[in-house]
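Read the figures in this text as sums done on the coordinates, not as results from a lab. Since the model is a prediction, treat every value here as computed from it, not as a measurement. Here Cβ is always computed from backbone atoms with ideal geometry, including for glycine, and neighbour counts include all displayed protein chains.
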Amino acid sequence: MFACDVYHLPFDEVRGERNPNGLSIYLKFSLDEYGEPMLVLVSCHL
């Protein structure tokens, strides 16, 4: 289990850019045992 921050990014996969009407992509970041940032999870919700 990791303590993490979650960021929501609406993304238009056709244009390859952020768009409020795009897919909801969630990124979860945490710190590893050395204090370095690491990506924990990327998920996409239609």
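Evaluated against (1) free of Cβ contacts under 8 Å to residues at least 24 places away in the same chain; (2) aromatic (F, W, Y); (3) in a loop (DSSP other than H, G, I, E, B), F2 falls short on exactly one condition, (1).
The residues of region 1-42 that are out of contact with any strand residue (DSSP E or B) (no Cβ under 7 Å at 6 or more places or on another chain) and among the hydrophobic types (A, V, I, L, M, F, W, C), listed by number, are M1, V14.
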